[in-house]
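What follows is one structure encoded as structure tokens, with my remarks underneath.
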Amino acid sequence: MKTSKSSKKTLTRKVAPKKVASQRKFTKSKVTQKTLNEMKQFLLKRRALLDQDLKRMIEDLTPVHDVIEEFQGGSFERETLISLVESQERAIRDLDKALKRIASNTYGFCLECQEPIDINRLKALPATERCFACQKIHEQSF
């Protein structure tokens, strides 16, 4: 009678050290020029909306508003608003980075492995910097 051993192999993906832009060897992206232009327009519109929201949130943090909140015990609301402002600022920075990658013709390529990022991933997460596999490794490192 034969017994079979089930062996589990763990696949690890080695990530090359980061290279400066001039050292990267990018292959042809699957992103067409039309799609790239659409993504750029989307990113610009999204950035404008986030910027408007951010300005409105910052106005809500005025000193007069602070005095009223202190009197009413609204420090929780203030902390929540500050957290939202930081989140908006982070989102704007991510969009700015994506726009810079479009300008430097590196948009659509993974920053880790330099392979093209799947078009469906780019459409779902237009400011993404990594392919799915590298993003998974990146998240596990934290």
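Values quoted throughout were computed directly from the atomic coordinates according to the rules given, and no laboratory measurement underlies them. In this text, all values refer to a predicted model and were calculated from it rather than measured experimentally. Counting neighbours? That spans all protein chains shown, and the Cβs are built from the backbone with ideal geometry, glycine included.
Summary table below
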| quantity | calculated |
| --- | --- |
| Under-5 Å amide H pairs with Phe109, H placed in peptide plane, nonlocal only | Ile117 |
| Residue among Pro116, Gln140, Ile92 farthest towards the positive dipole end of region 31-140, charges placed on Cβ | Pro116 |
| Rounded FRET efficiency, nearest 0.05, which uses the C-beta distance separating Asp60 from Ala124 and R0 of 35 Å | 0.70 |
| Computed label-point distance, nm, for sites Phe142 and Ala103 using a 7 Å Cα→Cβ extension | 2.6 nm |
| Rh (Kirkwood; distinct C-alpha pairs) - region 31-140, Å | 15.9 Å |
| Extension gain, Leu44 back to Ser87 (0.36 nm per residue minus Cα-Cα distance, nm) | 13.7 nm |
| Label point distance in nm, Asn37-Glu115, each placed 7 Å from Cα along Cα→Cβ | 3.1 nm |
| For region 114-123, 3J(HN,Hα) per residue [Karplus equation, 6.51 cos²θ - 1.76 cosθ + 1.60, θ = phi - 60°, Hz, x = Gly/Pro] | 6, 7, x, 7, 3, 4, 5, 5, 5, 5 |
